[in-house]
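The values are calculated or read from the model by the stated rules, or taken from the named source; none is laboratory data. None of these values were measured; they are calculated from a predicted model. Counting neighbours? That spans all protein chains shown, and the Cβs are built from the backbone with ideal geometry, glycine included.
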Amino acid sequence: MRAVLALALTASLLSSCTLRPLYSGGGRGQVATTLRSITVAPIPGRAGYLMRGALVERLGEGQQTPRYRLEVELDDRITGFGIRLDDAVTRERRTLRARYRLVDARVGTVLLDATAGSDAGVDVVGSEYATVAAEQTALERLSQVVAEQIVSRVALFITRTPTPAQP
């Protein structure tokens, strides 16, 4: 009897939950249409090229006249650690941090200013080619991870701020 009562109470609490799907409405919903109205400003360097590509892929096809501009500044670092007795580095950490701003393209007002980042470990092996390849692979993965963080946070901002998403 108590189990049934506890289940009924739990069900009634869950029904009053205010959780809503982020991408409700699918491709025609508020979040999806607003994300497609964002253009990504050029980002310098190889990391910038990868990051911009990952962002454009996630935001969708842009409009002819974008309503918003996403400006991104990257900080890409490789730090050696795991030092052997002969002072050779055996492990590296590649860190990619992004400061991004969502700007209203019409008036230039910054609507969102935030950061995102991630890091990855890289084994330093005897072959320099293999180490460089591992560093590049880490950068490609990090670009994808950080782009996903940025788009998720922008989408969340859109749902919480009705003014920028209105036409």
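From the list Ala47, Ala138, Ala134, exactly one residue is touching an Asp or Glu at 6+ places or on another chain (Cβ under 9 Å), without any contact (Cβ under 8 Å) to a residue 24 or more places away in the chain and of a type in the set (Gly, Ala, Ser). Which is it? Steps first, answer last, please.
Values: Ala47 fails: without any contact (Cβ under 8 Å) to a residue 24 or more places away in the chain; Ala138 fails: without any contact (Cβ under 8 Å) to a residue 24 or more places away in the chain.
Of Ala47, Ala138, Ala134, the one residue that is touching an Asp or Glu at 6+ places or on another chain (Cβ under 9 Å), without any contact (Cβ under 8 Å) to a residue 24 or more places away in the chain and of a type in the set (Gly, Ala, Ser) is Ala134.
No other residue among Arg84, Arg46, Arg91, Arg28 is at pLDDT 90 or above and among the basic types (Lys, Arg) apart from Arg46. In this entry, Ser127 passes the filter for residues that are without any contact (Cβ under 8 Å) to a residue 24 or more places away in the chain and of a type in the set (Ser, Thr, Tyr). Cβ separations smaller than 6 Å between residues 6+ apart or across chains give the following pairs from region 150-167 residues that are under 13 Å from Leu111 (Cα atoms) to residues that are in a helix (DSSP H, G or I) and modelled with pLDDT of 80 or more: Ile158/Thr34; Ala165/Thr34; Ala165/Ile158. The residue that is surrounded by the most Cβ atoms within 10 Å (Cβ to Cβ), counting only those in region 94-126 that are more than 22 Å from Leu35 (Cα to Cα) and acidic (Asp, Glu), is Asp119. When the criteria are applied in full, Glu61 meets the requirement of being at pLDDT below 90, surrounded by fewer than 13 Cβ atoms within 10 Å (Cβ to Cβ), in contact with a Lys or Arg (Cβ under 7 Å, 6 or more places away or on another chain) and not β-branched (Val, Ile, Thr). Screening Asp104 with (1) free of Cβ contacts under 8 Å to residues at least 24 places away in the same chain; (2) of a type in the set (Asp, Glu); (3) farther than 19 Å from Gly80 by Cβ gives one miss only, at (1). Only a single criterion out of (1) within 13 Å of the chain's Cα centre (by Cα); (2) charged (D, E, K, R); (3) surrounded by 18 or more Cβ atoms within 10 Å (Cβ to Cβ) is not satisfied by Asp76, namely (1). Return yes or no: is Pro42 of a type outside the set (Lys, Arg), touching a residue at least 12 places away in the same chain (Cβ under 8 Å) and in a loop (DSSP other than H, G, I, E, B)? For Pro42, the condition - of a type outside the set (Lys, Arg), touching a residue at least 12 places away in the same chain (Cβ under 8 Å) and in a loop (DSSP other than H, G, I, E, B) - is not met. From the set of residues in region 28-58 that are within 19 Å of Ser143 (Cβ to Cβ) and touching a Lys or Arg at 6+ places or on another chain (Cβ under 6 Å), which is surrounded by the fewest Cβ atoms within 10 Å (Cβ to Cβ)? It comes out as Ala41.
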